[in-house]
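One structure is given here, and the rest of the page talks about it.
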Amino acid sequence: MKITKYVCFDQEVEVDITVEEITQAINEEPDCMKNILYGLNNIGVFLKAIPDSSILKLTDSQRKMIREFITEQVARF
């Protein structure tokens, strides 16, 4: 007798996605505004969740680099 059994499981994986791949996905999706807004909301939630104590652990040069990047992105919007 043969018994077929299906087993379902979850596996956590880490995936590296480049900026180019994200850009391509956004450009290929005709109705991507919902996804863009969802992603921006996630960025906001993530930034707000970073504790001040963690920010204080950054070096001056790390804070400067992050500040310059965020300022550059603000100018785009």
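For residues that are modelled with pLDDT under 90 and of a type outside the set (Lys, Arg), scanning just region 1-22, find the one that is nearest to GLN73 (Cα to Cα). Checked region 1-22; the qualifying residue nearest to GLN73 (Cα to Cα) is ILE22. Each residue in region 1-57 was checked for being part of a helix (DSSP H, G or I) and among the β-branched types (Val, Ile, Thr), and 8 pass.
Can you work out which of the residues in region 43-62 that are hydrophobic (A, V, I, L, M, F, W, C) and surrounded by 10 or more Cβ atoms within 10 Å (Cβ to Cβ) is farthest from the chain's Cα centre (by Cα)?
LEU58
Can we say THR71 is surrounded by 10 or more Cβ atoms within 10 Å (Cβ to Cβ) and either touching a strand residue (DSSP E or B) at 6+ places or on another chain (Cβ under 8 Å) or among the hydroxyl-bearing types (Ser, Thr, Tyr) (or both)? When the stated conditions are applied, THR71 does not pass them.
The values are calculated or read from the model by the stated rules, or taken from the named source; none is laboratory data. Note that the coordinates shown come from a computational prediction; the quantities given were computed from them, not determined experimentally. All Cβ positions, glycine included, derive from the backbone under ideal geometry; neighbour counts span all protein chains shown.
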